[in-house]
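Below you'll find the structure, written out as structure tokens, and then a few comments.
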Amino acid sequence: MNDAAAPSALTGAANAGEPTTGQALDELRALHALAEVINRSTSLDPVYAEALRALRRVAGADRVAVLLVDGGGLMRFAAWDGLSAGYRAAVEGHSPWAADEANAQPRLVADPALNPATAALLPVLRAEGIASLAFIPIAHQGRLLGKFMLYFDAPHTPPDEAVRLALTVAEYLALAVSRQRAVDEVRQLNAELEERVRNRTRQLELANRDMEAFCYSVSHDLRAPLRALDGFARILLEDAAPLLDETDRDNLRRIIAASERMGRLMDDLLRLSRVGRAGMRLGNTDLSGLAAEIIDRLHAQAPQRRLRKRIAPGLAAPADAGLMRIALENLIGNAWKYTGASAEAQIEFGRHDRDGRPCYYARDNGAGFDMRYAAKLFTPFQRLHSPGEYEGNGIGLAIVQRIIQRHGGRIWAEAQPGRGATFWFTLWEAGIPADLLQPAAPASFPPSFPLV
């Protein structure tokens, strides 16, 4: 409850037509004290205590109590003043209103023996020394939250002004209870969220450990038998070649080729895992410069090929330079590879804005592909062309996608068979995470991987 809540009730009390007597001032002080406690308290216990003091002052009650509706719809004692444990146990759960009462009104019982709602409790009331009582509803936004109980040791009917002031106290307490329940609900949700985060973190840690174990197995345990297979096949081919027919020699060559391919597959798996685990260091990365450098290096390795390149100048973005180099090496490397049969390779790197968002692209005039199979492009070891046509293991685009995703973007392709392909990608669609704006540890992999 904020500070602005207090004046409304106080003003209401002042405008009730009552003279400004010592009693009226005392009542106003009681309400003001309750508002102060509500505004500064972080729990309900001090609020209950102050509300009971205020009730006794404004209603002249000998004993008071506050009961709140529990999860089962029963009234339970939350705080009391002057009531025995036996009495509380005997009457707890009793209420003159239904649990879903939408417009509960005060109930004044001057003689419990004459009231059907309290006649059954008459022995308990007499044993406690209670001659009269009053039920004051505590409600918020039409929902019954509980009740105040006013007890009198002598027959007594509270005047209208006392009932009205008791309702004001109940309104204050209803706001405090509603606020505290909202706070408790937020705390519970936060606790559940934190527990989910901890569980998810543990799962990720386990997954990372599994990945580390897998990478170690690939790097060490699997390479030893593979090297043995390749080595013995080569020895047999060299030493026993005169004793073998052409079919046997061809089978040995197939074993050697298969072991070499398996070695390359292991290298690709390690590259993919390293990309997913490497630390990131953001900087203003010159994408145009990287693209031009990669194309020039590829052309230098095969200068006999005709090439027309087009690099949009000045393209830069906040990115990890090492990871973006790997992504562009794979994208432009694919363009170079799949334009191998073209009389003149045309490779372009640029940017267009789509829906106000910068979209980068790498375009070529090479073999292209059927868009019906585009969903396979970014799946590891999925290829749209046979190994006999173009070399590679189908891991490059999976690496590119992993890098783009780590940069908060997405990648997609547009192509036609025999008419080239265009690969589009975005960066930081939802903004750069705050943790990446801080300095990061250097990447744990070389700045450039061989093209695959």
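For region 337-358, the tally of residues that are modelled with pLDDT under 95 and either touching a helix residue (DSSP H, G or I) at 6+ places or on another chain (Cβ under 6 Å) or polar (S, T, N, Q) (or both) stands at 2.
Being of a type in the set (S, T, N, Q) and farther than 17 Å from GLY60 by Cα is the filter; apply it to region 20-42 and report the residue that is surrounded by the fewest Cβ atoms within 10 Å (Cβ to Cβ).
Kept after step one, since they are of a type in the set (S, T, N, Q), are these residues of region 20-42: 20-21, 23, 39, 41-42.
Now narrow it down to the ones that are farther than 17 Å from GLY60 by Cα: 20, 39, 41-42.
On the way: THR20: 9, ASN39: 15, SER41: 17, THR42: 7.
It comes out as THR42.
From the list ARG264, ARG297, ARG305, ARG271, the lone residue that is assigned by TED's automatic domain parsing to the domain that holds ASN334, touching a residue at least 40 places away in the same chain (Cβ under 8 Å), surrounded by 12 or more Cβ atoms within 10 Å (Cβ to Cβ) and among the charged types (D, E, K, R) is ARG305. Considering region 109-120 alone, what residues qualify as being within 30 Å of GLN141 (Cβ to Cβ) and crowded, with 16+ Cβ neighbours inside 10 Å? Within region 109-120, VAL109, ASN115, THR118 qualify. Among the residues making up region 323-338, a single one is surrounded by fewer than 22 Cβ atoms within 10 Å (Cβ to Cβ) and small (Gly, Ala, Ser): GLY333.
Residues in region 341-366 that are free of Cβ contacts under 8 Å to residues at least 60 places away in the same chain, closer than 13 Å to GLY420 by Cβ and not charged (D, E, K, R): ALA341, SER342, ALA345, ILE347, ASN365, GLY366.
Of all residues in region 127-158, how many are part of a loop (DSSP other than H, G, I, E, B), under 55 Å from the mean Cα position of the chain (by Cα) and surrounded by fewer than 17 Cβ atoms within 10 Å (Cβ to Cβ)?
Number of matching residues: 2.
Among the residues of region 339-354, those that are surrounded by 23 or more Cβ atoms within 10 Å (Cβ to Cβ) and not β-branched (Val, Ile, Thr) comprise ALA345, PHE349.
Please find, among SER178, SER217, the residue that is assigned to a helix (DSSP H, G or I) and surrounded by 14 or more Cβ atoms within 10 Å (Cβ to Cβ). Full working, then the answer.
On the way: SER217 fails: surrounded by 14 or more Cβ atoms within 10 Å (Cβ to Cβ).
The match here is SER178.
Regarding GLY368, is this residue within 32 Å of the chain's Cα centre (by Cα) and either modelled with pLDDT of 95 or more or assigned by TED's automatic domain parsing to the domain that holds GLN304 (or both)? So GLY368 fails the test. So in region 71-104, with the set limited to residues that are at pLDDT 90 or above and charged (D, E, K, R), which one is nearest to the chain's Cα centre (by Cα)? Filtering region 71-104 for residues that are at pLDDT 90 or above and charged (D, E, K, R), the one nearest to the chain's Cα centre (by Cα) comes out as ARG76.
Of the set (1) in contact (Cβ under 8 Å) with a residue 12 or more places away in the chain; (2) loosely packed, with under 10 Cβ neighbours inside 10 Å; (3) part of a helix (DSSP H, G or I), all apply to PRO123 but (1). Which of the residues that make up region 355-371 are out of contact with any His (no Cβ under 8 Å at 6 or more places or on another chain) and surrounded by 17 or more Cβ atoms within 10 Å (Cβ to Cβ)? The answer is TYR360, ALA362, ARG363, ASP364, ASN365, GLY366, GLY368. The single residue among ALA317, ALA312 that is under 15 Å from PHE425 (Cβ atoms), surrounded by 17 or more Cβ atoms within 10 Å (Cβ to Cβ) and not assigned by TED's automatic domain parsing to the domain that holds LEU226 turns out to be ALA317.
Would you confirm whether or not region 55-68 contains a residue that is over 14 Å from ILE136 (Cβ atoms) and surrounded by 21 or more Cβ atoms within 10 Å (Cβ to Cβ)? For region 55-68, residues over 14 Å from ILE136 (Cβ atoms) and surrounded by 21 or more Cβ atoms within 10 Å (Cβ to Cβ): absent.
Counting only strands (runs of 3 or more DSSP E) that sit completely within region 21-113, those holding 2 or more residues that are under 23 Å from ARG179 (Cα atoms) correspond to 63-69, 75-81. Picking from residues in region 413-426 that are at pLDDT 95 or above and under 30 Å from the mean Cα position of the chain (by Cα), the one that is surrounded by the most Cβ atoms within 10 Å (Cβ to Cβ) is PHE425. Of all the criteria given as (1) under 45 Å from the mean Cα position of the chain (by Cα); (2) free of Cβ contacts under 8 Å to residues at least 60 places away in the same chain, the one not satisfied by ASP239 is (1).
The values are calculated or read from the model by the stated rules, or taken from the named source; none is laboratory data. Since this is a predicted model, take the numbers as computed values, not measurements. Positions of Cβ are generated from backbone atoms using ideal geometry, with glycine treated the same way; all protein chains shown enter the neighbour counts.
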